[in-house]
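Engineer: Just dropping this structure here.
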Amino acid sequence: MQKHASIVTAVGLLLTSSAAILATHVTIMPASAHEDHRHFSAGEPGDPKKPARVINIKMFEGSGKMGYEPARIEVRRGEQIRFVLQNEGEEDHEFILATATENRKHAEVMKKNPDMEHDDPNAKRLLPHGNSELLWKFTKRGTFEFACLIPGHYEKGMFGRIIVR
Ligand SMILES: [Cu+2]
């Protein structure tokens, strides 16, 4: 992202606008740079070279309920967190980090495609008794959510809040 911004700035400073220059700009942009611009509402993927605070999260199920422990987390804006995820249940579970609104929309899509699997910078799917990690940098203040969008799980309580101050 940094790279893209500096290329754009350099082009802007050196040249005045014309169709030819726009074409140049497009040409020097590697195709992959645009893929890095994926929008994540809760911040951005973490940098493994930088320090991170570890937060352990357990996923559980039982007596008609499902959920996370803890289900409420507070972080500071700019803080990098290494979520260490442990599925203690007998079913697959997910950890998808977004806003509550996005997760609800995403859950509707999942109902139509229950086999959809997640392995994105902001989403992990764990096998029964499996574990995983997710490194994340919280760049925005607000309330975000982690949730499991496997059909039926959200409704049984499988979501938690992250408050970024
Ligand atoms: Cu689940």
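Each reported figure results from applying straightforward, stated rules to the coordinates on display, with no laboratory input. Just so it is clear, the structure is predicted and the values come from calculations on it, not from any experiment. Cβ coordinates were reconstructed from backbone atoms using ideal geometry, including for glycine residues, and neighbour counts include every protein chain displayed.
Engineer: What does the C-alpha gyration tensor say about the overall shape of region 48-110? Classify as rounded when a/c is under 1.5, otherwise prolate if a/b is larger than b/c, or oblate.
Structural biologist: Cα axes put region 48-110 in the oblate bin.
Engineer: Next question. Which order do the peptides 39-47, 144-152 come out in when sorted by mean C-beta neighbours inside 10 angstrom, highest first?
Structural biologist: Put in order of decreasing packing, that is 144-152, 39-47.
Engineer: Please list, ordered by chain and number, the residues whose modelled amide H lies under 5 Å from the amide H of residue 150; skip anything fewer than 5 residues away on the same chain.
Structural biologist: Amide H neighbours of residue 150, under 5 Å, 5+ apart: 94.
Engineer: How big is the dipole moment of region 50-165 about its Cα centre under a simple scheme where the beta carbon of each Lys and Arg is +1, that of each Asp and Glu is -1, and everything else is neutral? Debye, nearest 20, please.
Structural biologist: For this selection, approximately 860 debye.
Engineer: Just the number, please: Stokes-Einstein D of region 78-165 in µm²/s, Kirkwood Rh from C-alpha pairs, 25 °C, 0.890 mPa s.
Structural biologist: Rounded to a whole number, D works out at 184 µm²/s.
Engineer: Applying 1/(1 + (r/R0)^6) with R0 = 22 Å to the Cβ-Cβ distance of residue 117 and residue 72, what FRET efficiency is obtained, to the nearest 0.05?
Structural biologist: My answer for the efficiency is 0.25.
Engineer: Pairs 58/140; 50/111; 50/156; 49/112; 111/140: which are spaced more than 28 Å apart, C-alpha to C-alpha?
Structural biologist: Violating the 28 Å limit, Cα to Cα: 50/111; 50/156; 49/112; 111/140.
Engineer: Follow-up question, since we're still on this one. Can you bin region 118-165 into rounded, prolate or oblate? Criterion: square roots of the alpha carbon gyration tensor eigenvalues sorted a ≥ b ≥ c, rounded for a/c under 1.5, prolate for a/b above b/c, oblate for the rest.
Structural biologist: Numbers: a/c = 2.49, a/b = 1.35, b/c = 1.84.
Taking the square roots of the gyration eigenvalues as a ≥ b ≥ c, region 118-165 is oblate.
Engineer: Kindly state, to the nearest 0.05, the FRET efficiency for residue 101 paired with residue 53, given R0 = 41 Å and r defined as their beta-carbon distance.
Structural biologist: So, using R0 = 41 Å, E works out to roughly 0.95.
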